[in-house]
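What follows is a single structure, written as structure tokens, with notes after it.
Quick note: the coordinates plus some simple rules give every number you see, no bench work behind them. Computed from a predicted structure; not experimentally measured. Cβ atoms come from the backbone with ideal geometry, glycine included; neighbour counts cover every protein chain shown.
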Amino acid sequence: MRLIALDIDGTLLDSRWQLPEANRAAIAEATRRGIEVALVTGRRYDFAMPVARKLDSPLTMIVNNGALIRSKEGRTHLRHLLPRSTAEQVLELTRPWREGATVIFDRPLENQLMLEVLDPDDSMRYAYYSRNLEFIGLANPLENCLTEDPIQVMLSGKVAPMRKAEAALRGAPFVEEFALAVTCYESKDFAMIDVIHPVCSKGSSLAEWAALRGFMREEVMAIGDNHNDLEMLSFAGIPVVMGNSVPSLKTYGWHETGTNDENGVALAIEQFALREAAPCD
């Protein structure tokens, strides 16, 4: 075991979005033994960093569903931006779902997240927006913000309309110009679609990073719980599915650990990384 790739939401964090002490301790012990740890998430870098700072360990940040790889200290290793022309076509095609559309850029602070409207009465999204106000800018129409290549276009909303948006995107005449990363929380009736550069996924970027580090896939463990973790789990030599994962991930015969409320990450690290790496008497 040389690299552990961890999803954040639904995996590393519990159902209250807290970091269990057992997970933190297991990660610290793994890095102490020389195992590299990467947080692999759909979150933006700045929205993932509050979690990373709670881990007193060196980390690699594979964020935006693989579009950006950056160190915990802020050094950019790899970046795959979505062409501006593709983003324009995506926004035009998904106009019926514009209410939940965001264009995300790789910018230092201001105007990272561009919205058409910031509505305090938007019960589905405003809690997230309110935690990110320093990063948010407005453009109406949203296409006006495309002065440079973005990282991604993101759509969010209830599950049923997001499935329609996903179907529209997968049937687009320019479908080869982008990739989709879909995250679905059926119990919360909420889903997100990230439209990213066509070479990107959590799995492809994890593979790219592992190759740069000289790690073989057999030396990589990945732990995840949602649809956008599929490629990452498929790449890893040791794929581990959370007990609370979406049902489809449990159909591949991969290892299953406890839920995110049962310290599933810690249990998997102890089973597959720490016991293996333990010194012999």
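The mean sequence separation of alpha-carbon pairs under 8 Å and at least six residues apart, normalised by the residue count of the chain, gives a relative contact order of 22 percent.
For segment 7-84, taking Cα atoms only, Rg and Dmax work out to 12.7, 43 Å respectively. Between Thr94, His227, Asn65, the Cα set farthest toward the positive side of the dipole of the chain (charges on each charged residue's Cβ, about the Cα centre) is that of Asn65.
Per residue, the chain reaches -7000 deg cm²/dmol at 222 nm when only DSSP H runs of four or more residues are counted, each adding -39500 (n - 2.57).
Rg/Rh for segment 99-147 stands at 0.94; both radii use Cα atoms, and Rh follows the Kirkwood definition.
With 27 Å as the limit, write out which pairs from Lys188/Lys250; Lys54/Lys250; Lys72/Lys188; Lys158/Lys202; Lys54/Lys158; Lys54/Lys202 have Cα-Cα distances beyond it, or answer none. Don't skip to the end; give the middle numbers.
Numbers: Lys188/Lys250 20 Å; Lys54/Lys250 29 Å; Lys72/Lys188 31 Å; Lys158/Lys202 23 Å; Lys54/Lys158 31 Å; Lys54/Lys202 22 Å.
Listed pairs above 27 Å: Lys54/Lys250; Lys72/Lys188; Lys54/Lys158.
Taking Thr259, Thr251, Thr60 as the candidate residues, the one with maximal mean-square fluctuation in a Gaussian network model of the chain, Cα springs under 10 Å, is Thr251.
Note that the chain shows a convex hull volume over its alpha carbon atoms of 125 Å³ per residue. Each label point was placed 7 Å from the Cα along the Cα-to-Cβ direction; for Val117 and Ala139 their separation is 1.9 nm.
Just want to confirm a number: the relative contact order over segment 84-196, from Cα pairs under 8 angstrom separated by 6+ residues, in percent. Walk me through the intermediate numbers first.
On the way: 179 pairs, mean separation 33.1, N = 113.
Computed over segment 84-196, the figure is 29 percent.
Each principal axis of the Cα cloud of segment 84-196 was taken in turn, and the coordinate range along them, longest first, works out to 36, 35, 21 Å. The simple Förster model, with R0 at 30 Å and r as the Cβ-Cβ distance, assigns His77 and Glu148 a FRET efficiency of 0.90.
Scanning residues 5 or more positions from Glu256 or on other chains, those with amide H under 5 Å from its amide H are Val241, with H placed 1.01 Å from N in the peptide plane.
Taking amide hydrogens as placed 1.01 Å from N in the peptide plane, the amide H of Lys72 sits under 5 Å from those of Leu59, Met61, each at least 5 positions away in sequence or on another chain.
Taking amide H atoms as placed 1.01 Å from N in the peptide plane, the amide H of Ala139 lies under 5 Å from those of Leu115, Glu116, each 5 or more residues away in sequence or on another chain. For the chain, the longest principal axis of the Cα atoms and the long axis of helix 21-32 meet at an angle of about 70 degrees.
All C-alpha to C-alpha distances of segment 128-244, sorted into 5 Å bins beginning at zero, yield P(r) values of 2, 9, 15, 18, 20, 17, 11, 6, 2, 0 percent in whole numbers.
Treating only the Cβ of Lys, Arg, Asp and Glu as charged (+1, +1, -1, -1), what charge dipole size does segment 59-132 show about its Cα centre? Round to the nearest 20 debye.
Working: 10 positive and 10 negative charges, 95 e Å.
Approximately 460 debye in magnitude.
Which percent, to the nearest 5, of DSSP beta bridges fully inside the chain are antiparallel? Percent antiparallel among DSSP bridges in the chain is about 55. Volume of the convex hull of segment 198-256 (Cα atoms only), normalised per residue: 65 Å³.
Modelled label positions at Glu88 and Tyr128, each set 7 Å beyond Cα in the direction of Cβ, lie 2.7 nm from each other.
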